[in-house]
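The values are calculated or read from the model by the stated rules, or taken from the named source; none is laboratory data. As the structure is a computational prediction, the values presented were derived from the model and not from experiment. Glycine also receives a Cβ, built like all others from the backbone with ideal geometry; neighbour counts cover every protein chain displayed. The protein model used for the area step is the full one, side chains on, heavy atoms only, and it has no ligands, DNA or RNA in it. Shrake-Rupley method; radii C 1.70, N 1.55, O 1.52, S 1.80 Å.
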Amino acid sequence: MVVEIPKSNKADEELSAELSHDVWTVANIITVLRLFLVPYAFVVLINGNSDVSAFALYAGAASTDWLDGQIARRTGTVTAIGKAIDPLVDRLLLASGVIGLYIVHRIDLWLVLLLVARDVWMLYGAWRLERHHMRMPVSFAGKVTTALLLAGFSLLILNLQPVAVFGARLVPGTGLVYAGATLSVLTAIDYARRAQKMISSAT
């Protein structure tokens with residue numbers, strides 16, 4: 001069940017009090033480094049310089065997502081800027097991955113359009129909630145969706161040889177991307193349903 005949380009309520013005031021005011025924490029430095037890796041990985045990928053280098057950069061930025069969060073929570077250095085930048089890096093990683101892979105002809109256009117449309121839809125939903133001073137926490141399914149897509153994109157960037165799966169030849173990473181794309185649609189539908197319920201309850 002989703003709980004509506006107005007920005008000005010006591011829970012938010014307590015959360016704000018728990019946030020660290022130190023901007024240059026270890027967790028935030030890792031997040032910023034992840035942010036800088038995104039365009040670098042994209043350029044290496046589309047230039048075709050080295051699939052291994054592009055994979056190392058992209059997978060490095062993707063796999064350290066859990067690290068900054070763990071460090072921030074365990075050291076009590078969760079900051080407002082970190083909470084804002086971290087999901088932004090994930091969105092940029094997904095966007096650069098899907099667009100870059102399309103440019104180098106490793107995924108189809110329909111997948112690009114699907115994932116971009118899904119993110120636009122989610123941003124619209126977040127904007128509508130923001131107008132009512134509400135927000136929705138990221139669901140477990142949403143985190144799984146991001147993990148599947150990032151893992152799948154990483155393998156497609158590595159560009160391994162196809163393997164036989166039930167008689168079909170698939171490039172490693174394809175199954176993860178398809179699973180992530182399917183789950184992304186389902187989570188977007190669930191997000192829209194929950195957001196509408198929250199907005200209706202507030203009006």
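Numbers for the structure displayed
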read-out: Candidates VAL112, VAL89, VAL165, ranked by Gaussian network fluctuation over the chain, Cα under 10 Å, top entry; value: VAL165
read-out: Average Cα contact separation per residue, the chain, under 8 Å, 6 or more apart, as relative contact order %; value: 24
read-out: Accessible surface of the chain, 1.4 Å probe, proportion on carbon and sulfur as whole %; value: 68
read-out: Max mean-square fluctuation residue, GNM over the chain, Cα-Cα springs under 10 Å, options LEU114, LEU45, LEU101; value: LEU114
read-out: Identified option (computed Cα extents along the principal axes in Å; candidates [x] 55, 39, 27; [y] 51, 39, 28; [z] 193, 42, 32); value: [x]
read-out: Gain on full stretching of the segment that runs from VAL116 to ILE99 - 0.36 nm per residue minus C-alpha separation; value: 5.2 nm
read-out: ALA179 versus THR64: modelled label distance in nm, points set 7 Å from Cα along the beta carbon direction; value: 2.6
read-out: Extended-chain gain in nm, criterion 0.36 nm per residue less alpha-carbon gap, ALA141 and LEU160; value: 4.1 nm
read-out: Rounded to whole Hz, the Karplus (6.51, -1.76, 1.60) HN-Hα couplings of the stretch 99-105, x for glycine and proline; value: 6, x, 5, 5, 4, 8, 6
read-out: Space enclosed by the convex hull of the alpha-carbon atoms of the stretch 40-122, per residue, Å³; value: 95
read-out: Estimated FRET transfer efficiency when R0 is 22 angstrom, pair VAL32-ARG74 (beta carbons, to 0.05); value: 0.70
read-out: Helical contribution to [θ] at 222 nm, DSSP H n ≥ 4, -39,500 (n - 2.57), averaged over the chain, rounded to 500; value: -25000 deg cm²/dmol
read-out: Most fluctuating residue given options VAL43, VAL138, VAL32, as computed from a GNM of the chain linking Cα atoms under 10 Å; value: VAL138
